[in-house]
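Student: Have a look at this one before I ask anything.
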Amino acid sequence: MVDWEHRGEYIQRRSKRKGLDEFDVEPEWANEAVDDPDRLVASDPGSKSGESVRIVGYSRSADRILTVIVVPKSVTPVSDEWWGANAWASNESDQRKYYEELEEER
């Protein structure tokens, strides 16, 4: 489970920061995407620390593919506890990668 204590409101108010055409994400939806068994997981190319991870997964409640950025709560020892950093509706490129991966698995 991802802890959204510090950034939950941030992802819920994306449209207020970025514009009305942006999709506000509920923390529960982001967690559904993280828990998607078909999710894609990779290092976040936008990470300044090199520690954040980008997850692209489907949220049933949001009925869309979301991109979620998480950061480990602790790096020593390696942790399975994560802070949520950001989440948004996936762009076309991430959606395409997600669906291509699903097709390859079949």
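Student: Kindly put SER90, SER74 in sequence by how many other C-beta atoms sit within 10 Å of each C-beta, fewest to most.
Tutor: SER74, SER90
Student: With +1 on each Lys and Arg Cβ and -1 on each Asp and Glu Cβ, how big is the dipole of region 2-105 about its Cα centre, in debye rounded to the nearest 20?
Tutor: 620 debye
Student: Run lengths n ≥ 4 of DSSP H only: what is the helix-derived mean residue ellipticity at 222 nm for the chain, with -39500 (n - 2.57) per run over all residues, to the nearest 500?
Tutor: Taking each H run of at least 4 residues, the total per residue is -8500 deg cm²/dmol.
Student: So what is the relative contact order of the chain, in percent, for Cα pairs below 8 Å that sit 6 or more residues apart?
Tutor: 26 percent
Student: A follow-up question, please. So how far apart, in nm, are the two label points at GLU92 and ASP3 if each is 7 Å from Cα heading toward Cβ?
Tutor: So the label points at GLU92 and ASP3 sit 3.9 nm apart.
Student: Of all DSSP beta bridges located in the chain, what percent are antiparallel, nearest 5?
Tutor: Percent antiparallel among DSSP bridges in the chain is about 90.
Student: At GLU51 and GLU22, where each label point lies 7 Å from the Cα along Cα→Cβ, what is the point-to-point distance in nanometres?
Tutor: Result: 2.4 nm between the two label points.
Student: Note down the Stokes-Einstein diffusion coefficient of the chain in µm²/s, whole number, using a Kirkwood radius over alpha carbon pairs, 25 °C, and 0.890 mPa s.
Tutor: 175 µm²/s
Student: What longest range of the chain stays clear of loop-exposed GluC sites (Glu not before Pro) (DSSP non-H/G/I/E/B, at most 13 other C-beta within 10 angstrom)?
Tutor: Longest stretch, sites excluded: 6-50.
Student: Measuring from centroid to centroid over Cα atoms, what is the spacing of region 50-95 and region 17-38 in Å?
Tutor: When both Cα centres are located, 9 Å separates them.
Quick note: the coordinates plus some simple rules give every number you see, no bench work behind them. Note that the structure is predicted; figures quoted are calculated from it, not measured. As a convention, Cβ positions derive from the backbone with ideal geometry for all residues, glycine included, and neighbour counts pool all protein chains shown.
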